[in-house]
1. Which residues, counting only those in segment A:352-370, are in contact (Cβ under 8 Å) with a residue 60 or more places away in the chain and part of a helix (DSSP H, G or I)?
2. So which of A:VAL397, A:VAL369 is under 34 Å from the mean Cα position of the chain (by Cα) and open to solvent by 10 Å² or more (accessible area, probe 1.4 Å)?
3. Would you pick out the residues in segment A:187-216 that are open to solvent by 50 Å² or more (accessible area, probe 1.4 Å), in contact with a Leu (Cβ under 8 Å, 6 or more places away or on another chain) and within 25 Å of A:LEU114 (Cα to Cα)?
4. Touching a residue at least 40 places away in the same chain (Cβ under 8 Å), charged (D, E, K, R) and within 14 Å of another protein chain (Cβ to nearest Cβ), is that true of A:ARG190?
5. Looking at A:GLN178, A:GLN185, A:GLN161, which is the one that is in a loop (DSSP other than H, G, I, E, B) and within 30 Å of B:SER172 (Cβ to Cβ)?
6. Kindly establish whether A:PHE502 is in contact with a strand residue (DSSP E or B) (Cβ under 8 Å, 6 or more places away or on another chain), farther than 24 Å from A:ASP303 by Cβ, touching a residue at least 60 places away in the same chain (Cβ under 8 Å) and not in a loop (DSSP other than H, G, I, E, B).
7. Say whether the condition of being modelled with pLDDT of 95 or more and away from every other protein chain (no Cβ under 14 Å) is met by at least one residue in segment A:215-231.
8. Given the criteria away from every other protein chain (no Cβ under 13 Å) and crowded, with 18+ Cβ neighbours inside 10 Å, does B:MET76 qualify?
Amino acid sequence: MTQTDYDADVIVVGSGVIGSLAAHHLAKNGKSVIILEAGTRVPRWKIVESFRECGNVSTDAGNRNQPYPNEPWAPSSFVPDYITNHGPIDYIPGMLRMVGGTTWHWGGACWRLLPNDFHLKSLYGVGRDWPISYDDLEPFYHQVEIEMGVSGDDTADYSGQNGGAFPPRQAPYPVRPQALGYFSQRFRDRVAVGGYSFTYQPNGRATDPYEERPACVGNNNCSPVCPIGAQYSGDRHATKAERAGAKLISDATVYRLEKTPDGKRIAAVHYYTPDKRSVRLTARKVLVAAHALETPRLMLLSDVGNSSGMVGRNLMDHNAFSLAMIADEPMWSGRGPVQQGDVLKWRDGSFRQKHGCIRHEVGNFVGNVQITERLLSQGVIGPELDEKIRHMAARWVFMDSNIEMLPEPTNRMSLSASKRDFYGLPLMDIYYDVNDYARAAGNVIREDYANFLKLLGGEIFDQNLSLWENRDHPMGTVIMGNDPRDSVVNHEGRSHDHDNLFIATTGIMPAASVVNPTLTGCALSLRSASIMLKEI
Amino acid sequence: MMRTTRRRLLGYGVAFVPLCLMGGVSGPSWALTEKEKGCPPDFLAISAILTASPELNPIMAPRVWHALITKDDAFMARYRRLSDEMAAHRIRSWPDYEASGLSAQKEIHSIAVAVVGAWYLGRVGEVLPRSEINTPAFITYEGALMWRSTRDVTVIPTYARGGPGFWAEAPSSVKTD
């Protein structure tokens, strides 16, 4: 017998930007939508106050989860035992569980992938190809950029080859670029001498007022929280989805996707309330958008969608190094937003046959915290302390790098055999390593850092060339592909195993490129939502 | 404003007294918990000398003290050593401290640095990037002294200093910085 009564047309699991964009799109097109969010809802002003009073985070250091809710039933990722590492490299990304998700504390970078990123195996003989092309995703990139109010440079060659505008776009960015700060101008001019181009970073900050967001005025705290909401965050579309008619239930921890007796579809979604009451809801379709780690965890808990054995595997990030220096001239980092541009020299090319591509992100932070800590550690006090803080802050340059990784089944999250959450459910184990493809790119970074130091007359303040810092860009864990034997979802984001189950997270990306994956995750989510719309 | 006087430095030792007995110091009731209302009577004066800052906010002193003793069980005794040494050397100003030779005494100077660090960083304890527990003792954010030497050019993050795009112009001080 065919079921005809449902609690909703679509249940969306997760109210982060990826889930909320899809929920909004479905709701505004007349579908009934329920959003289930494990975490709670907190207004921005409380987070700003929490940031100022927590003492364990600054705009460029510390625990970025700290100012945010951390409920027993929805812990943030740095709670002990939430993730247990077993591999050679620790992997615990910053991650929030609350209405709006982790884009509460992102840097706002909104990158498109390049056409070549979709054909890594075909072009360079490594990794995997996507089952779709850039052209398939471009309309959804465009749509997401409008939804989020993305600012970008319409003349930039984002492939880093100093050519014409690239990649192709059907329309200009909806928001004009922000003015380049004096710091960015000086950085650009100094490194250009060495053949390094500085490219404006596409971002989700409002150059001018955009919808309900004010223009950015350079509070220099984009992460862990933009105090005025000029920078886009996922709560915007959670609210917009509600206004369009979606029902958002917070503090609802989904713990099971129930299969139909034949196993071909998802019959229901089960969640727990904080008082450990279980609730069962049904929908025609289910969209799981619960982050690249919690999504595979839920699937493994439910024994869902894993005929390939790939759920949780192929974990990728952009692990790399970082450099802080004191330059030879006052450039005054820290005026304006915390990041404005990147060096994209190694974003694409035949070198990808041998090593991953590289992106150097140039920070624009107020450096006072780290500088003061350093000077105090040297015993500097008295009037000299102020003098040196100013001297060094004026010359502060910080950059961190990103490296493309390849999907490897051995890099994986799995269910913990011993650690349990608030509801008694298994938490996560992670095994993670950086392979030779990425390590070879690390050698290029070493050379670049030496060049940057020369070009800027820099004195090393702190240089990490050995610890593989992750960038909180998890990908690959519910990987997309054409072959059900080695992938979890198809090109639509639909489970190979369950016709009415869609997965929307950066975890479905089968190739990592080297740019922040949020915009691509969002475009994929809207693409899945458009497919679902046609079927309901 | 509290003046740095020899009497303040030498007259009280470090016995705890309610802050209000120091005279001229009061603040909103929400600013301090009961536990935070005490600090050694010479703590503000010594802090002012070591930070070269006669304008230190007296309301903040008990909070700074409380943070220091919260994160270091031995701090009270350590501070007594610093206080005694400064009294013995008749230190009334930063130049006095410099001239005293105490900065060359590693243990004594480390106590001075701890006091200064608390005022400058607005917290005591190391920032822990991946921890929610054993985090620093918080004192103040915008009141941390580390911001003061750059406030004419950059912002205390989360606060603003100009309208959109102000950052495109070179800071007026750039030629002399």
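1. A:ARG352, A:GLN353, A:VAL369, A:GLN370
2. Answer to the selection: A:VAL369.
3. Within segment A:187-216, A:ARG188 is the sole residue that qualifies.
4. Judged against the criteria, A:ARG190 is not a match.
5. The match here is A:GLN178.
6. No: the conditions fail for A:PHE502.
7. Within segment A:215-231 (the criterion being modelled with pLDDT of 95 or more and away from every other protein chain (no Cβ under 14 Å)), the answer is no, since none of the residues qualifies.
8. no
The values are calculated or read from the model by the stated rules, or taken from the named source; none is laboratory data. Computed from a predicted structure; not experimentally measured. Ideal geometry is used to build each Cβ from the backbone, glycine not excepted, and the neighbour counts take in all protein chains shown. All accessible areas refer to the heavy atoms of the entire protein, side chains included, with ligands and DNA or RNA removed. Shrake-Rupley method; radii C 1.70, N 1.55, O 1.52, S 1.80 Å.
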